[in-house]
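Structure record follows, encoded as structure tokens.
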Amino acid sequence: VLIVLLGPPGAGKGTQSQLLAQSLGVPKVATGDIFREAIARETPLGVQAKPYLDRGELVPGPITTEMVKSRLQREDCRKGAILDGYPRTVEQARQFDAVLRDIHRGLSKVINIDVPDDELLRRLSGRWTCRKCQSTFHEIFKPSKNVGACDRCGGTLYQRPDDSIEVAQTRLRVYRTRTEPVIAYYQEQGVLVHVDGQQTPDSVLSDILSRVQVVAPS
Ligand code: ADP
Ligand code: ADP
Ligand code: ZN
């Protein structure tokens, strides 16, 4: 099973990819998480990516695709993966098709999670992210059990600097111009499914699960 989650910043991709990873038993591969971890470790990749994340722009060039390719070739992805935050441009979607041919894999489904802009800004401005495992919480919609601590791993929660209103608005603009065209790209391939993201996380999850369970013909 290889599932791509598409959707604007704050749509719930991270939340759903974690739930899907648990229920389907494959890892979650989130390019934003990989970049943030590299930035925290101050690796060459992190140093290169940081100015783009700070401004809310996409990291340019082939490095994101190269990163995803090597991640998918690791042993824990042999049964598949849930991709969160990639591909984010039509160019990356084309590169990804070439990678999939190369590593003899196919896409199961591409899920587009729809949420209106005003709700996205509410979600991003109240989001708290775990420094250690990158799980997300929300001060109103999904508070952690202990204030400032991750329910999953106990790590410290922080507000991403790019969740500030100014950078979040840039990210939404970048999404509309660069990422939205990816929806049509996958529509044409016949693998796209739309899901209403303005429901409880559990309802969104069951909608997704009901659409990815491909019943084998008898
Ligand atoms: P969100 O939670 O808003 O969807 P992510 O954590 O997925 O954000 O991404 C954060 C940042 O990481 C992006 O603004 C961008 O700078 C960088 N990034 C993540 N994925 C990609 C990608 N596929 N291509 C280029 N840059 C990316
Ligand atoms: P993305 O990865 O698409 O940027 P997240 O999964 O991090 O989005 O969710 C963004 C914020 O919205 C987080 O604070 C999260 O707790 C909250 N959230 C996620 N799904 C829902 C939902 N269905 N209803 C309300 N809030 C949600
Ligand atoms: Zn955590």
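Taken together, the values in this text are just the output of simple stated rules run on the coordinates, not laboratory data. The structure presented is a predicted model; accordingly, all values stated were derived computationally and were not measured. FYI the Cβ positions are ideal-geometry reconstructions off the backbone, even for glycines, and counts take in every protein chain you see.
Tabulated data
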| read-out | value |
| --- | --- |
| Per principal axis, descending, Cα span of the chain in whole Å | 51, 38, 34 |
| Net charge of neighbours whose Cβ lies under 15 Å from the Cβ of Ser144, counting Lys and Arg as +1 and Asp and Glu as -1 | +4 |
| Radius 14 Å from Cβ of Val204, net charge of other residues (Lys, Arg +1; Asp, Glu -1) | -2 |
| Distance from the stretch 78-155 to the stretch 43-71 (C-alpha centre basis), Å | 16 |
| Cβ-Cβ FRET estimate between Glu57 and Arg152, R0 fixed at 30 Å, reported to 0.05 | 0.55 |
